[in-house]
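The values are calculated or read from the model by the stated rules, or taken from the named source; none is laboratory data. Since this is a predicted model, take the numbers as computed values, not measurements. Don't worry about glycine lacking a Cβ; one is built from the backbone with ideal geometry, like all the others, and counts go over all protein chains shown.
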């Protein structure tokens, strides 16, 4: 009898032992390849100041015409007169295809890759050979990365993907209604004149090729960190030749760097280098209320500019940004807020030396009942306006700083801080799983006292604003 | 940047060590934020990105879980005549023994003889029957056979009936676990 008991105990303990040592031994899954995608079409009615067809007067922040370091191309020029309004009505479409690979090994390791192709990724800045060489609907890779995850050791993602504070682990951004409210698709209907965009949201900092680590969750906490050596994505160095140009993602100094604090999409030039992100997140329940909070940091260096004299000059601050956000969900309601502060401008770009730090507060709330979701969010921020620093080239030494103050009083100047705010109201009706109907209104305002945000009109227009009302549908599969 | 990156690095290494030691919960991919328009739309419209789209290679486990027109506890698995959760759970539970045969249509799993390291003088063989398409507590039966080594020859010996029911309990617990994992996807 004792032997029987011993034997049966041995059998059962072998089962238990196997379960403890390899709890996922059972769940091995052969890799699957899945194809999905999305499509959306919105009609938008837009009112925007400075919405005229005159040649662009250039972007307002930290950038020139974007042609200064391209051989054989003269700097951009400004033409005046011949003004005609742009249409207020438009239809905006976008589509994407995702290929998702996933699998699981017998030891519990899960792995996979995602390749996301998007037809709306090439707007970018108006830059020579950017928009000129590709149609607006040209399909480009948005994100592509591989991941390996282990229940005990966490997940590593490797490739072109948002960082941990660039969208993966943020809290407090309530954007689950309409198209995302002030951070949604209204931006597809406005011109970039006056900088009336709200790119300083999760996902806006870009998918620069990086390595990301994210931990398991323990006691409600998980944390992550990511590193990107430069601002570019994709293969190759981007260098057209052996010159240290802005096209080279590994160039730590190049002529004209002062123009690329903000991404020049298409060629994907930006001075950001060695970007690190770190995030600590907590999630839990208190009395039936779901809570989430994140504290995180984004830092980077920046490429230097090279003067005609051959001297390297540090013209940009590195990114140095802190963000904290909280959100709560209960009974169909979600409310949240996030505050961001540090050295960055409103396109997540590097600020020039001497520029003020940026700060931004986002609050939002939404309510879901059955197939209906309604929500609102609000953003307000204070950023550097036109850069306080005007860098002057030198044939003998480094670039030098000139004052932003105009010689003549009453003329548009770059010394103003920039106050930005926006508000939205939106709603969705879920027609079917994966498909909804949307209506949304967004108001967005930019103010820079003393700086002309609409040079096509007489006088100094210190304020620009946009109102967009959109309706439409989207489907994902 | 340097003055802040150093403490962040130290904190990160510390947290990593803590995570590795304390056996945390694996964070699923859908618990991370995204700016993928497809993913955002699916999340907002109540769909699951890991079960949407078309599987062009491999087994579509989302359809398998819904299998044969059944859902939830009735999920049978595409082409299977027995409950997929019970079937997998039985395979998992008996996986520590060498498998002799498995018939997913008849629902029969037969293992080969296995001698536990703790009791080398005896060996066991298991036969499991998965019954029906429903996930029920009486949907699986396990029979353990036992032999002992007497003078170099294996002879049949009785096995405790409690072993059979204990193995069945293990199968049911594992099936419940698989079912809850599937519901979370």
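For residues that are in contact (Cβ under 8 Å) with a residue 60 or more places away in the chain and farther than 30 Å from residue A:48 by Cβ, scanning just the range A:391-429, find the one that is surrounded by the most Cβ atoms within 10 Å (Cβ to Cβ). The residue in question is A:399.
For the criterion of being at negative phi, within 15 Å of the chain's Cα centre (by Cα), surrounded by 20 or more Cβ atoms within 10 Å (Cβ to Cβ) and modelled with pLDDT of 85 or more, residue A:207 passes.
Out of A:207, A:222, one residue alone is more than 8 Å from chain B (Cβ to nearest Cβ) and more than 21 Å from residue A:90 (Cα to Cα). It is A:207.
Could you tell me whether residue B:55 is modelled with pLDDT of 85 or more, surrounded by 19 or more Cβ atoms within 10 Å (Cβ to Cβ) and either touching a helix residue (DSSP H, G or I) at 6+ places or on another chain (Cβ under 8 Å) or at the interface with chain A (Cβ under 7 Å from one of its Cβ atoms) (or both)? So residue B:55 does not fit the description; no. Residue A:299 satisfies every condition listed in (1) in contact with a helix residue (DSSP H, G or I) (Cβ under 8 Å, 6 or more places away or on another chain); (2) more than 22 Å from residue A:391 (Cα to Cα); (3) in contact (Cβ under 8 Å) with a residue 40 or more places away in the chain except (3). Considering every residue within the range A:343-352, establish whether at least one is within 14 Å of chain B (Cβ to nearest Cβ) and either under 21 Å from residue A:440 (Cβ atoms) or not in a loop (DSSP other than H, G, I, E, B) (or both). There is at least one residue in the range A:343-352 that is within 14 Å of chain B (Cβ to nearest Cβ) and either under 21 Å from residue A:440 (Cβ atoms) or not in a loop (DSSP other than H, G, I, E, B) (or both).
Of these, A:276, A:321, A:306, which one is more than 30 Å from residue A:438 (Cα to Cα) and in contact with a helix residue (DSSP H, G or I) (Cβ under 7 Å, 6 or more places away or on another chain)? After applying the criteria, what remains is A:276.
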